[in-house]
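Following: one structure in structure tokens, then a few remarks.
The values are calculated or read from the model by the stated rules, or taken from the named source; none is laboratory data. Fair warning: this is a prediction, and the values are worked out from it, not measured in the lab. Here the Cβ positions follow ideal geometry from the backbone for every residue, glycine too, while neighbour counts run over all protein chains shown. Just so you know, the surface numbers come from the protein's heavy atoms only, side chains and all, with ligands and any DNA or RNA stripped out. Shrake-Rupley method; radii C 1.70, N 1.55, O 1.52, S 1.80 Å.
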Amino acid sequence: MKRQRNPAAELDLRRLRSLADELGSPEPALRFLDKYLAMLPQRVERIVHAVDVHDAKETTTALLSLKISSAMVGAVETEHQCRAIELMIREDYFEDAAQALPALRQCTDRCLASRSELTHAAHSSLTRRGGFFR
């Protein structure tokens with residue numbers, strides 16, 4: 001029997017909380033998470049296209065963008081997938097990178113499928129009635 005994943009498990013909310021602390025408020029961190037999730041499909045497609053055409057510079061740029069933003073919101077699995085593909089590209093292993101793309105898609109698809117739960121969990125984690133958790 002396959003175990004159900006907790007949608008909130010897709011994010012390490014401590015990282016998002018750290019971002020909110022740095023910004024001094026949860027609102028910009030929550031907006032960043034919303035934008036991250038909204039842009040996720042386009043970012044993945046940019047990586048897929050760059051890998052398909054063997055464009056090392058574009059692939060690296062797209063991977064770094066997704067890896068860094070994933071780290072900021074706490075999407076650890078996506079961050080790790082980007083890091084692994086980035087290493088393949090640096091070694092000019094485009095075929096291996098192409099074979100790693102389904103795993104990247106799977107973790108980003110899980111984030112997108114649980115988008116409302118993720119944003120709710122993030123909001124609950126970063127806010128409370130009357131203010132910001134410290």
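Does residue 62 satisfy the criteria of being among the small types (Gly, Ala, Ser) and within 21 Å of residue 13 (Cα to Cα)? Considered against the rule, which asks whether it is among the small types (Gly, Ala, Ser) and within 21 Å of residue 13 (Cα to Cα), residue 62 comes out as no.
For segment 77-95, a residue qualifies if it is of a type outside the set (D, E, K, R), closer than 18 Å to residue 52 by Cβ and touching a Leu at 6+ places or on another chain (Cβ under 8 Å), and the qualifying residues are 81, 82, 85, 89. Taken as a whole, segment 113-127 holds at least one residue that is out of contact with any His (no Cβ under 8 Å at 6 or more places or on another chain), aliphatic (A, V, I, L, M) and open to solvent by 30 Å² or more (accessible area, probe 1.4 Å).
A quick yes/no check of all residues on (1) among the basic types (Lys, Arg); (2) closer than 20 Å to residue 126 by Cβ; (3) surrounded by fewer than 14 Cβ atoms within 10 Å (Cβ to Cβ):
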{"residue": "22", "(1), (2), (3)": "no, yes, yes"}
{"residue": "31", "(1), (2), (3)": "yes, yes, yes"}
{"residue": "34", "(1), (2), (3)": "no, yes, no"}
{"residue": "70", "(1), (2), (3)": "no, yes, no"}
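Hey, does segment 73-93 have a residue that's surrounded by fewer than 19 Cβ atoms within 10 Å (Cβ to Cβ), closer than 21 Å to residue 19 by Cα and of a type in the set (Ser, Thr, Tyr)? No, every residue in segment 73-93 fails to be surrounded by fewer than 19 Cβ atoms within 10 Å (Cβ to Cβ), closer than 21 Å to residue 19 by Cα and of a type in the set (Ser, Thr, Tyr). A Cβ distance below 7 Å, combined with a sequence gap of six or more or placement on separate chains, defines the contacts here; from segment 30-44, residues that are more than 19 Å from residue 61 (Cα to Cα) reach residues that are not hydrophobic (A, V, I, L, M, F, W, C) in the pairs 30/123; 33/119; 34/119.
Only one entry of 106, 99 meets the criterion of being within 25 Å of residue 14 (Cα to Cα), polar (S, T, N, Q), open to solvent by 20 Å² or more (accessible area, probe 1.4 Å) and out of contact with any Asp or Glu (no Cβ under 6 Å at 6 or more places or on another chain), and that entry is 106.
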